[in-house]
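Since the structure comes first, as structure tokens, the remarks are kept for the end.
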There are 2 protein chains.
Amino acid sequence: MTRIFLTLASFSLSVAAIADEGMWTLDNFPAEAVAEKYGVEVGDEWLRQAQLSTTRLENGCTGSFASSDGLVLTNNHCTWGCIRNLSTAERNLSDEGFIARSNDEELQCPGEQISVLVDFEEVTDKIAAVTAGMHEAQANEARKAELTRLESACEAASDGERSCEAVTLYNGGQYYIYEYKRYDDVRLVFAPELDIAAFGGDPDNFNFPRWCLDMTFLRAYEDGKPAQTPNFLRWRAGGPQADEPVFITGHPGSTNRLLTVAQLKFQRDVTLPLWLLRYSELRGRMLAWQDTSDEAARVVQQRILGYENGIKVRRNQLKALHNDGMIERKAAEEQALREAVAADPELAAAYGEAWDLIGRSLDTHQNFYEEHLFIENSAGLLGQLFSYARTIVRGTAEREKADGERIRAYRDTALPGLEQRLFAARPVSKEFEQLQLTFSLEKMREWLGPDSHWVRMILGNEAPNALAANLVSATKLDDPAFRKKLWEGGVAAVEASDDPLIRLAAAIDPGARELRSRYEDEVEAPRILGEGMIADARFELYGTDTYPDATFTLRATYGAVEGWQERGKTIDPFTRTSRLFERATGQRPFSVPTSWSKAREDLDPDTPFNFVATTDITGGNSGSPMIAADGTLVGLAFDGNIHSIAGDYWFDPSLNRTVGVNAAIMLEALKKVYDANFLIEELTLAD
Amino acid sequence: MTRIFLTLASFSLSVAAIADEGMWTLDNFPAEAVAEKYGVEVGDEWLRQAQLSTTRLENGCTGSFASSDGLVLTNNHCTWGCIRNLSTAERNLSDEGFIARSNDEELQCPGEQISVLVDFEEVTDKIAAVTAGMHEAQANEARKAELTRLESACEAASDGERSCEAVTLYNGGQYYIYEYKRYDDVRLVFAPELDIAAFGGDPDNFNFPRWCLDMTFLRAYEDGKPAQTPNFLRWRAGGPQADEPVFITGHPGSTNRLLTVAQLKFQRDVTLPLWLLRYSELRGRMLAWQDTSDEAARVVQQRILGYENGIKVRRNQLKALHNDGMIERKAAEEQALREAVAADPELAAAYGEAWDLIGRSLDTHQNFYEEHLFIENSAGLLGQLFSYARTIVRGTAEREKADGERIRAYRDTALPGLEQRLFAARPVSKEFEQLQLTFSLEKMREWLGPDSHWVRMILGNEAPNALAANLVSATKLDDPAFRKKLWEGGVAAVEASDDPLIRLAAAIDPGARELRSRYEDEVEAPRILGEGMIADARFELYGTDTYPDATFTLRATYGAVEGWQERGKTIDPFTRTSRLFERATGQRPFSVPTSWSKAREDLDPDTPFNFVATTDITGGNSGSPMIAADGTLVGLAFDGNIHSIAGDYWFDPSLNRTVGVNAAIMLEALKKVYDANFLIEELTLAD
């Protein structure tokens, strides 16, 4: 086959090399481009050290080892769940902050896990072999079974030392098995007060200039002792210089840069508006509910910030997709690729059908999008309690099957993590559960319509709020021991249970599984086939010197500490501590905690606080180390600027910026606000 | 100049003639097309009788006279404000319904007005004469001053018998002065319980099949006595037949069918998403708040339905604007018009600049859209109390100016209505005011940013909820006498007032006026100029056999009683009473009131309940009479089906349907549920 050079379609690649664009896998890092642009060498050893020092928080974040004793630096907002689960009405660790002054005082985060990527193996050929000649739906099943088999084989080969996970890169262009070292005992070491961790709250979120000490220290434990982690990042006390090159390793969650125009429009027209309508309303319900009691406020304070973050992301994604100029550019790139494929008979035969497959997938999906969302994806039954019920009902049934035939969430290699989360002693607010369940039942009725058979089956003649109140008050699923007993009792225990949420989940399950099968066979299967074809066509036409969309797997990105131009003004890349105090109003979310007011005179007002860099990151990178060319940690990524949100679809080097906490303010605060020299010593940075 | 026949661009006109499309002014009604399609004659006398029998409710609805004694039929939902204002914690007329069994028992609706269009005069040439040769901003001011002058002259000529209002048709293609007979004493006669008026609530809203008795009788009074109204519509007891032609007169509020593609995209990208995000959240806050007390529930029950209606409209408008195929068709029509203009040197000179003017207007608007919305349009200061403050602060200042120099809302001819509303004794829930003000202050901070000078000026160092609580508790603007005293005391009284909301409105006013001026000069003026050019170009190229966008002025539309095809199924145009009871769950919003349960055995189960027709209506038509060719009222328009919402931008004859209450069920219910034969007698329809 011929390689065709296309000026237009390769434009995004040449931009990538110039523009600090790309969330690169570590085995395909563009070290040459970096050397050329920034004059620094990023060798294999540098990358290996960064890889082994970077951790994945299984709740959706990144972290980095900060000492050889398992100390992990991550964002405060990555640990809100842990902090809330360890708090009570009497002791609100979110408001008060937390410092363990010895290992004894460190508190285990219920159900949290940390992983480190130690190795990976490409298995693209193996997947191709088992699916060869099959029709799309059959191939989809065979692919999943083979991935499950490969994961199990990998774990068996490691004697249980490794957790192995299948990874799909380039939307199906490559398959890998990633091997992780996993820590399932994670403890809280240090967290500042929410008021300084998230200073400015939602109004400041995704904005810059900024003043957030969005940091937490966790510690990984093994066998009840601090884990030994010889690979860790040393910190540079002063933080980075302006214009200094900076690298970020981490686990970006997902991007959509390789989607077809039809897929982007599906997000614009269907996915994003529905999500935004639902969660804007839920936000309003939570905001009104938090005023009903102190305990309500405590239960939802961080959750509201989390939802507000999601709303800000998605409304700016929608805004990005309303940029018809960018959509036209995407369409032109797509057209160029399609023409190149069509021009070559071999390529046309192999890949020409790709866009029709994806179009068919979207058309089918649109026909039952709401039903699938509200029933199989539980958007009509929100809350922790129904989620437990679904896991127990479905998981016990799936366990009876052969490993390769199960829904992959219940494969053998996934069960240890699933059980850890299912049995974890996490407090449940029944009042908040009721709020969520009422809301979601009402939305289900709104979107499926009152005459939907699902609505009739679930609501019967009940009003949503009354049904939610009954279900939540009667269920015992808030008790970890009750969940464990049901799980261990298997299908028989589930069938015998009269817990109303278990009964509801069981009643829904057959129909929900039908929706799932339809989704897998008629939406997912043609999409995967089509996307894989497009990925292969791109490889053949443009080569492999490119990066895949984010998949919550390890990536590295590069850039420099640099501001940007906004409405004719230059935004300085650094903020300083003095301005934090000037900007504080004394009212949340612009209130500095007492510890900071007290320490104000001691703090150097010129200490750099937050800063921006041109690095290309996204959600999941939260908690990522920002590493200088010399291998030292100079900052902690916690956000992007408002323009970074369009980065889901395209990277704009002139505007897209990462926002990080400067190493300098982290150390200054540990020393002068929190009297935590023992931590600075552990960082091997004490005076 | 030449008339060019353009196949593409005239397509929408030929469709209109075939497709029951159009909200026609009564002096340009397509009687020939109606005769051709339906074989019925709609003569001048028919139209004049319909005109004089049709009323406008100044709160945004339509009604029709039902007797010679001023009885007015409208929708229940058009009278929610009146019903709430007449209710107390002890007596909830919305829940209980209301029947006045004699004139003595009829209750005056605080601040409501009803108008009847009696005459109109075109003044396009007069407007053209006063603006000739002026630049756009100057022309805009001169146009407004002339409209104010013409209104005053018209009222003076009528010896105070008429209210005169300027009307802009065809987006500036024509100007008119409309003369109304106005009734400012409107009383509540009959309203069914909300549970049957809005059976199905938000879930059923904009859906069909449907079972809503969405009716209310009001009565217009003059000099303390029932008004004499010789022009009224007689009812046909059995309602309409299937396929029967039907006509609707009424006051459709606004449509956007003549907008340019750039204007449509501005709605898609800016206006609609921001509105939907804000009001979805407010909906959530209200839903959560209504659970805090019975009184809270009473205060917001109808308001929630109102906002939910607005959300459903706008989310379906957004969906319509995401229909790229329709946008492309609009773009092609626009391109054809532009090419036709460009092809003729005279047309090009006169109108060629139109689209650039509108583009410039939109670009400028986008630059301060949020600021204008939150400050000048008060989206950051929601609630009745701030609205009173703004009216008093601004109105007293405007009154000092010559009539033609005022903001038009405060022109002499508008003051009687404004004062009636300002002095009306409408109860204010301070708790609900606080909810709205907190919400809107928070949204203002979210969208303008915490560092906006407006946010700093209004919030200072206060949190939004604390500021809202202080302002709402301290203000006396909930007292009508207090408002009246300030209003009558004029600028001096306002300046001397220490009422905190008056002070806030006064502090904001200079900056808000600057935003207003900028909007008028840089957004409105070029838009009006550009739109007027496009309207004139259309007239010259395509003729005047077309209809203008809706402007809350009297229109007539025609069609037939007809179902539609939905996902391969035929929707029958009628629903029947039996199914109402089958569908009732006993839980709101699917609960029939006790009065109906009791009467169930007496009611004929086959009585037609609601029905659909192919007529072209929109919001503002609520309460419109549905009139047969013989001049009898056969139904009461109260909604459209879900497809009718896209009617804001284009009319789809295959899907767009009006939903009405059948005359048959209104009479059946009055007789058998409400024991209101005296009303049937007044309708001259008693057995």
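The values are calculated or read from the model by the stated rules, or taken from the named source; none is laboratory data. Being a predicted model, the structure only gives us computed values, none of them experimental. Cβ sites come from the backbone with ideal geometry, for glycine too, and all protein chains shown count toward neighbours.
Against the conditions (1) within 12 Å of chain A (Cβ to nearest Cβ); (2) surrounded by fewer than 18 Cβ atoms within 10 Å (Cβ to Cβ); (3) under 27 Å from residue B:206 (Cβ atoms), residue B:292 satisfies every one except (3).
Of the listed requirements (1) crowded, with 21+ Cβ neighbours inside 10 Å; (2) out of contact with any helix residue (DSSP H, G or I) (no Cβ under 6 Å at 6 or more places or on another chain); (3) of a type outside the set (Gly, Ala, Ser); (4) outside any strand (DSSP E or B), residue A:116 misses just one: (4). Exactly one residue among B:277, B:282 is in contact with a Ser or Thr (Cβ under 6 Å, 6 or more places away or on another chain), surrounded by 18 or more Cβ atoms within 10 Å (Cβ to Cβ) and within 9 Å of chain A (Cβ to nearest Cβ), and that residue is B:277. In region B:187-234, how many are within 18 Å of residue B:633 (Cα to Cα) and of a type in the set (Phe, Trp, Tyr)? The qualifying residues number 2. The residue of region A:446-490 that is farthest from the other protein chains (Cβ to nearest Cβ), among those that are over 32 Å from the mean Cα position of the chain (by Cα) and among the hydrophobic types (A, V, I, L, M, F, W, C), is A:474. Looking across region B:308-357 at every residue that is within 14 Å of chain A (Cβ to nearest Cβ) and among the small types (Gly, Ala, Ser), the one that is nearest to residue B:263 (Cα to Cα) is identified as B:331.
Restrict the check to region B:314-322 and report whether at least one residue is buried (at least 19 other Cβ atoms within 10 Å of the Cβ) and more than 28 Å from the chain's Cα centre (by Cα). No: zero hits.
Here's the yes/no breakdown for (1) surrounded by 20 or more Cβ atoms within 10 Å (Cβ to Cβ); (2) within 14 Å of another protein chain (Cβ to nearest Cβ); (3) under 23 Å from residue A:109 (Cα atoms); (4) over 22 Å from the mean Cα position of the chain (by Cα):
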| site | (1), (2), (3), (4) |
| --- | --- |
| A:121 | no, no, no, yes |
| A:127 | yes, no, no, yes |
| A:132 | no, no, no, yes |
| A:141 | no, no, no, yes |
| A:145 | no, no, no, yes |
| A:170 | yes, no, no, no |
| A:183 | yes, no, yes, no |
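Within this structure, residue B:211 fails the test of being without any contact (Cβ under 8 Å) to a residue 60 or more places away in the chain and within 14 Å of chain A (Cβ to nearest Cβ).
Are there any helices (runs of 4 or more DSSP H) wholly within region B:259-362 with 1 or more residues that are within 25 Å of residue A:272 (Cα to Cα) and aliphatic (A, V, I, L, M), and if so which? Let's see the steps before the verdict.
On the way: elements: B:261-266, B:272-289, B:294-321, B:324-343, B:345-351.
Because the criterion is at least 1 residues that are within 25 Å of residue A:272 (Cα to Cα) and aliphatic (A, V, I, L, M), the helices (runs of 4 or more DSSP H) in region B:259-362 that meet it are B:261-266, B:272-289, B:294-321, B:324-343.
Condition test on residue B:440, is it polar (S, T, N, Q), surrounded by fewer than 20 Cβ atoms within 10 Å (Cβ to Cβ) and assigned by TED's automatic domain parsing to the domain that holds residue B:423? No.
Only one entry in A:426, A:411, A:421 is within 27 Å of the chain's Cα centre (by Cα), more than 26 Å from residue A:304 (Cα to Cα) and away from chain B (no Cβ under 13 Å), namely A:411. Residues in region A:213-223 that are farther than 21 Å from residue A:162 by Cβ and either in contact with a helix residue (DSSP H, G or I) (Cβ under 6 Å, 6 or more places away or on another chain) or surrounded by fewer than 22 Cβ atoms within 10 Å (Cβ to Cβ) (or both): A:213, A:214, A:215, A:216.
Taken over region A:395-408, the criterion of being surrounded by fewer than 22 Cβ atoms within 10 Å (Cβ to Cβ) and either not small (Gly, Ala, Ser) or not in a helix (DSSP H, G or I) (or both) is satisfied by A:396, A:398, A:399, A:400, A:401, A:402, A:403, A:405, A:407, A:408.
When region B:197-236 is examined, which residues are found to be touching a strand residue (DSSP E or B) at 6+ places or on another chain (Cβ under 8 Å) and either of a type in the set (S, T, N, Q) or in a helix (DSSP H, G or I) (or both)?
Those that are touching a strand residue (DSSP E or B) at 6+ places or on another chain (Cβ under 8 Å) and either of a type in the set (S, T, N, Q) or in a helix (DSSP H, G or I) (or both): B:197, B:205, B:216, B:228, B:229, B:231.
Among the residues in region A:11-33, are any part of a helix (DSSP H, G or I), more than 26 Å from residue A:256 (Cα to Cα), modelled with pLDDT of 95 or more and small (Gly, Ala, Ser)? No, the conditions are met nowhere in region A:11-33.
Applying the condition of being closer than 30 Å to residue A:453 by Cβ and among the small types (Gly, Ala, Ser) to region A:347-368 and asking which residue is surrounded by the most Cβ atoms within 10 Å (Cβ to Cβ) yields A:361.
Would you check which residues across region A:102-132 are of a type in the set (Val, Ile, Thr) and farther than 30 Å from residue A:676 by Cβ and list them? Before the answer, list the steps.
To start, the set of residues in region A:102-132 that are of a type in the set (Val, Ile, Thr) comprises A:114, A:116, A:118, A:123-124, A:127, A:130-131.
Those that are of a type in the set (Val, Ile, Thr) and farther than 30 Å from residue A:676 by Cβ: A:118, A:123, A:124, A:127, A:130, A:131.
Restricting attention to region B:645-687, the residues being of a type in the set (S, T, N, Q) and without any contact (Cβ under 8 Å) to a residue 40 or more places away in the chain number 1.
Any idea which of A:551, A:575, A:594 is away from every other protein chain (no Cβ under 14 Å) and touching a strand residue (DSSP E or B) at 6+ places or on another chain (Cβ under 9 Å)?
Numbers: A:575 fails: away from every other protein chain (no Cβ under 14 Å); A:594 fails: touching a strand residue (DSSP E or B) at 6+ places or on another chain (Cβ under 9 Å).
From the options A:551, A:575, A:594, the qualifying one is A:551.
Among the conditions (1) in contact with a strand residue (DSSP E or B) (Cβ under 9 Å, 6 or more places away or on another chain); (2) assigned to a helix (DSSP H, G or I), the only one that residue A:605 does not satisfy is (2).
Evaluated against (1) at pLDDT below 95; (2) not in a loop (DSSP other than H, G, I, E, B), residue A:89 falls short on exactly one condition, (2). Considering region A:54-77, the residues that are within 18 Å of the chain's Cα centre (by Cα) and part of a loop (DSSP other than H, G, I, E, B) include one that is surrounded by the fewest Cβ atoms within 10 Å (Cβ to Cβ), namely A:60.
Any chance you could count how many residues in region A:191-202 are in contact with a Pro (Cβ under 9 Å, 6 or more places away or on another chain) and either modelled with pLDDT under 95 or more than 24 Å from residue A:314 (Cβ to Cβ) (or both)?
Initially, region A:191-202 is screened for residues in contact with a Pro (Cβ under 9 Å, 6 or more places away or on another chain), giving A:192-196, A:198-202.
Remaining after also requiring either modelled with pLDDT under 95 or more than 24 Å from residue A:314 (Cβ to Cβ) (or both): A:192-193, A:195-196.
Counting residues in region A:191-202 that are in contact with a Pro (Cβ under 9 Å, 6 or more places away or on another chain) and either modelled with pLDDT under 95 or more than 24 Å from residue A:314 (Cβ to Cβ) (or both) gives 4.
Residue B:477 meets the conditions (1) surrounded by fewer than 22 Cβ atoms within 10 Å (Cβ to Cβ); (2) in contact with an Asp or Glu (Cβ under 7 Å, 6 or more places away or on another chain) in every case but one. The failed one is (1). With respect to the conditions (1) over 28 Å from the mean Cα position of the chain (by Cα); (2) more than 10 Å from chain B (Cβ to nearest Cβ), residue A:305 falls short on a single one, namely (1).
Can you tell which of A:581, A:552, A:539 is assigned to a loop (DSSP other than H, G, I, E, B) and either within 29 Å of residue A:251 (Cα to Cα) or more than 27 Å from the chain's Cα centre (by Cα) (or both)?
Only one candidate qualifies: A:552.
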